[in-house]
Amino acid sequence: MKNISNISKISVLILAGQREGVIDPLCEMTGADRKAIIPILGRPMIMYPLEALEMAGLKAPYHVSGFDADYDQRLTQSPSAPGPAGSAAAAIENGIKYPILITTCDHALLTREMLNSFISQASESGADFCVGLAEKSIIQPAYPDVKRTYLNFSDRSVSGCNLFYLSNKEGLKAIRFWKRAQNFRKQPVRLAASVGLLTPILYLSGRLSLDGAFEYASKKLGIRARPILIPIAEAAIDVDKPSDLELTETILSRRQSHDT
């Protein structure tokens, strides 16, 4: 595994909020008060990403937004705001030191290998802001029944991995853009339109490549933004619905059997 020399200097933000006044169906199904503590194989969900972060060499305390940091000694409190992008912006603006890795409490399948792949590529890219993505060509053969939202570009189809990297304060511009556009995250054409007038035309005509989309976004925002492809199917699986929970428990059980 590749050694990342500055990994202990990277700050971590875990987004763990949920919409106030709205009962999460997984919370209702499991009886958990908060999504972060939904039991997975008898353990609170947030424990899995916490362990992955530790194993990768990222140093605690980890900032958490939308969840009580007193729950675990490895956490420290950051403010929250409506929506994941709003919470990320509020937390970063509160003084988290760069570089910053952002992930989510429902990334229960997160591993050291995923983090190593993402962070090493992001830090070497020289970009201000990086987004972790996995290709459909990797996800679908491994998990043909899993339902994911794919962004279909001319050269590849990708799905998000709930991993983001900000190397400096310029990266915050991307978070603020995400805050404005977060309602369109499952509507690729409207998301493309928020970047520029030409972008949705190229997207719809199948002429927009993944790198081309990030080049457009970079020019629009005045930053260097880059996609980071993670060659691990499970990197794109989070726990959003009952079928995700079932699949996640199956994968984790398989991992535990392999480790014993």
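The values are calculated or read from the model by the stated rules, or taken from the named source; none is laboratory data. Only a predicted model underlies this, so the values are computations on that prediction, with no experimental measurement involved. Methodologically, a virtual Cβ is constructed for each residue, glycine included, from the backbone with ideal geometry; neighbour enumeration extends over all protein chains shown.
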- Message: If residue 223 satisfies all but one of (1) modelled with pLDDT of 90 or more; (2) outside any helix (DSSP H, G or I); (3) under 27 Å from residue 147 (Cα atoms); (4) more than 18 Å from the chain's Cα centre (by Cα), what's the number of the condition it fails?
- Response: (3)
- Message: Anything in segment 234-257 that is within 14 Å of the chain's Cα centre (by Cα) and buried (at least 17 other Cβ atoms within 10 Å of the Cβ)? List them, or say none.
- Response: 234, 235, 236, 237, 238, 239
- Selection within segment 98-125 - assigned to a loop (DSSP other than H, G, I, E, B) and hydrophobic (A, V, I, L, M, F, W, C): 105, 108, 109, 110
- Message: What's the total number of residues in segment 226-260 that are charged (D, E, K, R), modelled with pLDDT of 90 or more, more than 17 Å from residue 107 (Cβ to Cβ) and part of a helix (DSSP H, G or I)?
- Response: 1
- Could you please tell me which pairs satisfy a Cβ distance under 8 Å, a separation of 6+ or placement on different chains, a first residue in segment 21-40 that is at pLDDT below 90, and a second residue that is part of a loop (DSSP other than H, G, I, E, B) and among the charged types (D, E, K, R)? 25/241
- Query: Looking at segment 1-97, what helices (runs of 4 or more DSSP H) fall wholly within it and have at least 1 residues that are more than 22 Å from residue 118 (Cβ to Cβ)?
  - Reply: 25-30, 84-93
- Task: For residue 69, work out the one condition from (1) in contact with a Lys or Arg (Cβ under 7 Å, 6 or more places away or on another chain); (2) among the hydrophobic types (A, V, I, L, M, F, W, C); (3) over 23 Å from residue 237 (Cβ atoms); (4) without any contact (Cβ under 8 Å) to a residue 24 or more places away in the chain it doesn't fulfil.
- Result: (1)
